[in-house]
């Protein structure tokens, strides 16, 4: 147990009383709780420092504990699956790491995948996760884009400046076309030109240096898919009821949020950084064609760079590349896309780390300052015809699955569905304890920085970050410890 100075203890007591009130009578105004605490010491910048309360801020602020060590907290399947469901999920896992070749698979442009398909990028801390890391347990390895993907099988690509061995896997999108109209599409990093299996396909890489200089490039990193089947099975009504809950507390902090919706059937979409995809099948199909270059039954043609067409030498086989296989039996009948979706659907959510006095206090702070108003601790799934293991399950995802205006600091200028250029889905926090890179573009590996980046002009998180900056250093550290326990 930490030994608190009296002022810090008074703060913690107020937070604890607030948490108790939350359980018995609903969420109160988090701002009023923070205002009732002794003022934090300023770092001189006009806002509370990264831990001003106990030691005056400066270099002694709270520290990100960093990714947790052993054991790996994720990567297993849901409990209670039948043998047939396990067989199908394992088949999907096997295909998730298959080698992709051209033609009939990889490319003609791609971001990753020549060696392990989807598994190259969804790797930290286990298959189905996010970008791999050299520095974070379990030390999966360097960014494959910078080390093996760019020149796989003789490809003559150069590595863009924003891709490094120790940095995150990234996709690049151009915000606008040269004529100023909206682009927003993914411009793949590499082409198959030069590969031994692609003698007729001649493509050049996008002009990344020029577009970077023009400020026209934004990035996205892979989203983890642990527990994705549970998220898929949360009913729209549950999401909307949660949106309506705690309305006064949200209004006081400037929090709004809205669902992104399918342009086809109008239901709530929930996968991807802007919650742009409705289902895991759609999520898998889009990623397969955009990131790896494999056309499939959802996206049936080979994909050129946005605003261009493919030369005939790059279209040498019938499409789609990936199809259902009715001549086979068992899980092999499934297309790759269907198999990928089955794998993701049956992945268990990440396990939390050990609970300590500090993480328990941190969870109280998390609620008190308003983090939980967007990062909803849990929702419950509906009944599922896919698997009993998906039915009526409490899902500790720490997300409301809504998109929120995150301000000019995080804005990427790209619209998807009804989400505009400043809106992003509330990222689920489960599994954060072993994650190496944060925010949609992987701009930081430091949790304190990621929290502060939530605050900028127009952000719905400004009130919460003001509350965070008003905490004592001890409370801020407890909050960080809690987040790294997830």
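Details
Residue by residue, here is whether (1) more than 21 Å from the chain's Cα centre (by Cα); (2) at pLDDT below 95; (3) under 25 Å from residue 464 (Cβ atoms); (4) surrounded by 23 or more Cβ atoms within 10 Å (Cβ to Cβ) holds:
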position	(1), (2), (3), (4)
227	no, no, yes, yes
240	yes, no, yes, no
248	yes, no, yes, no
254	yes, no, yes, no
258	no, no, yes, no
262	no, no, no, no
266	yes, no, no, no
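- Counted residues, segment 229-260 - those being within 19 Å of residue 185 (Cα to Cα) and touching a helix residue (DSSP H, G or I) at 6+ places or on another chain (Cβ under 9 Å): 0
- From the list 301, 323, the lone residue that is over 26 Å from the mean Cα position of the chain (by Cα) and closer than 19 Å to residue 118 by Cβ is 323.
- Selection status of residue 178, without any contact (Cβ under 8 Å) to a residue 24 or more places away in the chain and either in the same structural domain as residue 102 (by TED's automatic domain parsing) or in a loop (DSSP other than H, G, I, E, B) (or both): yes
- Filtered residues of segment 447-479 (kept if within 22 Å of residue 218 (Cβ to Cβ), touching a helix residue (DSSP H, G or I) at 6+ places or on another chain (Cβ under 7 Å) and surrounded by 24 or more Cβ atoms within 10 Å (Cβ to Cβ)): 451
- When segment 367-384 is filtered for residues that are touching a residue at least 24 places away in the same chain (Cβ under 8 Å) and either buried (at least 24 other Cβ atoms within 10 Å of the Cβ) or farther than 20 Å from residue 477 by Cα (or both), the ones remaining, listed by number, are 368, 369, 370, 371, 373, 374, 376, 379, 380, 381, 382, 384.
- Within segment 97-112, residues that are more than 23 Å from residue 164 (Cα to Cα) have Cβ atoms under 6 Å from residues that are not in a loop (DSSP other than H, G, I, E, B) in these pairs: 98/117, counting only partners at least 6 apart in sequence or on another chain.
- Of all the numbered requirements in (1) assigned to a loop (DSSP other than H, G, I, E, B); (2) surrounded by 19 or more Cβ atoms within 10 Å (Cβ to Cβ); (3) assigned by TED's automatic domain parsing to the domain that holds residue 223, residue 326 misses one, and that requirement is (2).
- If you go through segment 133-156 and keep only what is without any contact (Cβ under 8 Å) to a residue 40 or more places away in the chain and either buried (at least 21 other Cβ atoms within 10 Å of the Cβ) or within 29 Å of residue 429 (Cβ to Cβ) (or both), you end up with 134, 139, 140, 141, 142, 143, 144, 146.
- For the residues 120, 98, the requirement of being closer than 30 Å to residue 206 by Cα, buried (at least 23 other Cβ atoms within 10 Å of the Cβ) and either modelled with pLDDT of 95 or more or under 23 Å from the mean Cα position of the chain (by Cα) (or both) singles out 120.
- Qualifying residue in segment 187-196 (condition: within 26 Å of residue 370 (Cβ to Cβ), buried (at least 21 other Cβ atoms within 10 Å of the Cβ) and touching a strand residue (DSSP E or B) at 6+ places or on another chain (Cβ under 6 Å)): no
- Sole exception among (1) touching a helix residue (DSSP H, G or I) at 6+ places or on another chain (Cβ under 7 Å); (2) in contact (Cβ under 8 Å) with a residue 40 or more places away in the chain for residue 444, by number: (2)
- Candidates in segment 200-211 are the residues that are in a helix (DSSP H, G or I) and in contact with a strand residue (DSSP E or B) (Cβ under 9 Å, 6 or more places away or on another chain); of these, the one that is nearest to residue 189 (Cα to Cα) is 208.
Listed here are the residues, each with its yes/no results for (1) assigned to a loop (DSSP other than H, G, I, E, B); (2) at pLDDT below 95; (3) within 29 Å of residue 230 (Cα to Cα).
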residue	(1), (2), (3)
304	yes, no, no
316	yes, yes, no
338	no, no, yes
341	no, no, yes
344	no, no, yes
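- Of residues in segment 346-366 being part of a loop (DSSP other than H, G, I, E, B) and touching a helix residue (DSSP H, G or I) at 6+ places or on another chain (Cβ under 6 Å), the one surrounded by the most Cβ atoms within 10 Å (Cβ to Cβ): 346
- Residues that are touching a residue at least 60 places away in the same chain (Cβ under 8 Å), part of a helix (DSSP H, G or I) and closer than 26 Å to residue 384 by Cβ, drawn from segment 221-272: 228, 229, 230, 231, 232, 238, 239, 242, 243
- The criterion of at least 2 residues that are in contact with a strand residue (DSSP E or B) (Cβ under 6 Å, 6 or more places away or on another chain) is met by none of the helices (runs of 4 or more DSSP H) falling completely within segment 375-486.
- Qualifying residue in segment 40-58 (condition: in contact with a helix residue (DSSP H, G or I) (Cβ under 6 Å, 6 or more places away or on another chain), within 30 Å of residue 159 (Cα to Cα) and either in a loop (DSSP other than H, G, I, E, B) or at pLDDT 95 or above (or both)): no
- Considering segment 76-89, and only residues there that are surrounded by fewer than 16 Cβ atoms within 10 Å (Cβ to Cβ) and touching a residue at least 60 places away in the same chain (Cβ under 8 Å), the residue that is nearest to residue 314 (Cα to Cα) turns out to be 87.
- When 107, 128 are screened for being closer than 27 Å to residue 391 by Cβ, surrounded by 16 or more Cβ atoms within 10 Å (Cβ to Cβ) and in the same structural domain as residue 302 (by TED's automatic domain parsing), only 128 passes.
The values are calculated or read from the model by the stated rules, or taken from the named source; none is laboratory data. Keep in mind it's a predicted model, so treat the numbers as computed, not measured. Note that we place each Cβ from the backbone using ideal geometry, even for glycine, and neighbour counts take in every protein chain shown.
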